[in-house]
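The values are calculated or read from the model by the stated rules, or taken from the named source; none is laboratory data. On a predicted model such as this, the values are computed, not experimentally measured, just so you know. FYI the Cβ positions are ideal-geometry reconstructions off the backbone, even for glycines, and counts take in every protein chain you see.
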There are 4 protein chains.
Amino acid sequence: MQRGRTEAFSDGVLAIIITIMVLELKVPHGSTFKDLLPTLPAFLSYVLSFIYLGIYWNNHHHMMHTVKYVRGAILWANLHLLFWLSLVPFVTAWMGENHFETQPMAIYGFILLMSGVAYNMLQRTIIKSQGEDSLLAKAVGKDIKGKLSPLLYAIGIASCWISTYIAGALYIAVALMWLIPDKRIEHEVKE
Amino acid sequence: MQRGRTEAFSDGVLAIIITIMVLELKVPHGSTFKDLLPTLPAFLSYVLSFIYLGIYWNNHHHMMHTVKYVRGAILWANLHLLFWLSLVPFVTAWMGENHFETQPMAIYGFILLMSGVAYNMLQRTIIKSQGEDSLLAKAVGKDIKGKLSPLLYAIGIASCWISTYIAGALYIAVALMWLIPDKRIEHEVKE
Amino acid sequence: MQRGRTEAFSDGVLAIIITIMVLELKVPHGSTFKDLLPTLPAFLSYVLSFIYLGIYWNNHHHMMHTVKYVRGAILWANLHLLFWLSLVPFVTAWMGENHFETQPMAIYGFILLMSGVAYNMLQRTIIKSQGEDSLLAKAVGKDIKGKLSPLLYAIGIASCWISTYIAGALYIAVALMWLIPDKRIEHEVKE
Amino acid sequence: MQRGRTEAFSDGVLAIIITIMVLELKVPHGSTFKDLLPTLPAFLSYVLSFIYLGIYWNNHHHMMHTVKYVRGAILWANLHLLFWLSLVPFVTAWMGENHFETQPMAIYGFILLMSGVAYNMLQRTIIKSQGEDSLLAKAVGKDIKGKLSPLLYAIGIASCWISTYIAGALYIAVALMWLIPDKRIEHEVKE
């Protein structure tokens, strides 16, 4: 089975996840800027989740590009990743509605953590199926980012009970870490 | 007519069905883990439906792969399948909201049954259109799973009035039956 | 510009329209079959609209197949069609919620009428762009169905004030007229 | 990385944005035409936003057609554009619900402005990546429309406090400016 439809389906699911989050931004009844203020926390959590889903789509895109045939194991590892990502709108809305309180922020971090774990599992499944001369294994290298992210999420979750600001800073830090392009990629762009 | 757009449309509909179910997970107003508890039944039914839709997408993917030209009969048999699957979010939400009570569980089973029947109808329509040397007919073989599933759903529906646990166990059993890869496929993966 | 992305975008919009209608089926609070009864009118209007959108997708699919290059005029005629179809979920929900009363049924018919008109406009735009040896013009022939449908919709709308049953029968009749395959197509299937 | 999946993902997001706006058209409870009247402002803002998103999809379509390889910078510039466009349903609903009052109309204009700016940024990113013999740079030329639009949006936003009719007229004017095909394109169509 070739990768075309798996990509199309994943694109569809990711496009819907990223877009339906906007439905959780409840339209205020008043008509002044002040009436918009209560939706600010929901908006900020929307921005963070939008960036995260953008990163996932971007990386998913690159990773699947190395796959020729999608076997059952890859297919289910992919659905497993989509499952955790599909919960992002729910935890984004909960975190936004409760103004970044301790427990919603911890759950948000937990979904990020599980998504990261699922992504790593998908990556390992693909590498295993590609055999020794794995394209993906070479591209990923030591995968420092991939190993660091779950650790930072875990620290972020734990720190929710100390200060939600630390947790928030960590969640943003991981996003930035993935946003800033690798030197190798930057190099290519400059050429 | 080639199969490209039928696949794309089916992928789109399946991706949307699998994702909008998350909109039925109502965001709780409180901000503690305890406030999440009431959404647990809805979450569990979401997980089950997510797996079912994943299985359908997976099998649909394989089945359509054997089709070269999509004739009118295949097209409508496909829309018929999508119709029943489109009702999954509704019955998932109803079952979740009512904590797996008798009648919502029976209706959930009924939609699973009708989806299974519609899938079998689509399969037969494709086989008929492929003629004697049908690729799909060979791949499907005796189709024990395909024949067993509707039977198990029917028993599941009836057992709702005896014990919803039996019904739940049967619905999960059918999902597992489809999740566990065939020996032939496993063999391929190991190679 | 080639037709690929126009098809993909139209597929996306049609897939979403057909699926979000299910979100208008409000999940009942009670847990018995009796509690489902009030959603029956909404369900019936969902079924009718699902069939209509299926027909539109099916015909759109065939029609676009004859197009090689999508020029601005075709593109906007296509968006015009999608606009009217995008209102189907709204009028479906209104008609269902009000148990097929006079004015909601008339508005439903009006949206069907406008969709039909928009489809005919798109068809004419494509034929014009293809020049004298138009593939589509030959395929469409005298287009009796295409000319009859708006007439039947208009009679249906007017008849809402006499009897909503007549209107309903006419809306269903038009759907059936499109569902029953042409003799020519049937012939192909039998081969 | 080739442009296929970036187009597919963008198509998906734009298709969903354009369609979920319809979910904000709240179905009235009454069953007469009079009951539809309160949804008229929401409907009008839906029409305007539908046209805007249609224009964006159309132009995005053309622009991406000149791209061969999607580098990181283009990818993120594209996601940035989709981010602002994803807020259109929210501001459309707010503007519609508040009957085109001053501040909702200003915010609506602000989202249009930011979308226009994001589009220009994406355009510049693509031109930069294509080098001196940029196809897009030639196609765009002096890009008078692209430069005029943000200016007109800005004037529109400011004029909300003078008269929302002026603002509305300006928002419609920009849409018309993009709808009316260039002479060059018209020429092609006439051939």
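When the test is whether a residue is within 13 Å of chain B (Cβ to nearest Cβ), buried (at least 20 other Cβ atoms within 10 Å of the Cβ) and touching a His at 6+ places or on another chain (Cβ under 7 Å), A:SER10 passes it.
Of all residues in the range C:131-144 being out of contact with any helix residue (DSSP H, G or I) (no Cβ under 6 Å at 6 or more places or on another chain) and in contact (Cβ under 8 Å) with a residue 24 or more places away in the chain, which is farthest from the other protein chains (Cβ to nearest Cβ)? Residue satisfying both the conditions and the ranking: C:LEU135. Scan the range C:86-106 and tell me whether some residue there is more than 26 Å from B:ARG5 (Cβ to Cβ) and within 13 Å of the chain's Cα centre (by Cα). Taking every residue of the range C:86-106 in turn, at least one turns out to be more than 26 Å from B:ARG5 (Cβ to Cβ) and within 13 Å of the chain's Cα centre (by Cα). Within the range B:52-85, being farther than 27 Å from C:LEU44 by Cα and either modelled with pLDDT of 95 or more or small (Gly, Ala, Ser) (or both) holds for one residue alone: B:GLY54.
Conditions (1) at pLDDT 95 or above; (2) under 30 Å from D:SER31 (Cβ atoms), marked per residue:
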position: C:LEU87; (1), (2): yes, yes
position: C:HIS99; (1), (2): no, yes
position: C:GLY116; (1), (2): yes, yes
position: C:SER134; (1), (2): no, no
position: C:ALA137; (1), (2): no, no
position: C:GLY141; (1), (2): no, no
position: C:ILE144; (1), (2): no, no
position: C:LYS147; (1), (2): no, no
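With respect to the conditions (1) at the interface with chain B (Cβ under 10 Å from one of its Cβ atoms); (2) surrounded by 18 or more Cβ atoms within 10 Å (Cβ to Cβ), A:LEU53 lacks only one, and its number is (1).
If you go through the range C:66-104 and keep only what is of a type outside the set (S, T, N, Q), closer than 17 Å to C:ALA167 by Cβ and either more than 7 Å from every other protein chain (Cβ to nearest Cβ) or surrounded by fewer than 19 Cβ atoms within 10 Å (Cβ to Cβ) (or both), you end up with C:VAL88, C:VAL91, C:MET95, C:GLY96, C:HIS99, C:PHE100, C:GLU101. Scanning the range B:33-48 turns up no residue that is within 21 Å of C:ASN58 (Cβ to Cβ) and within 11 Å of chain A (Cβ to nearest Cβ).
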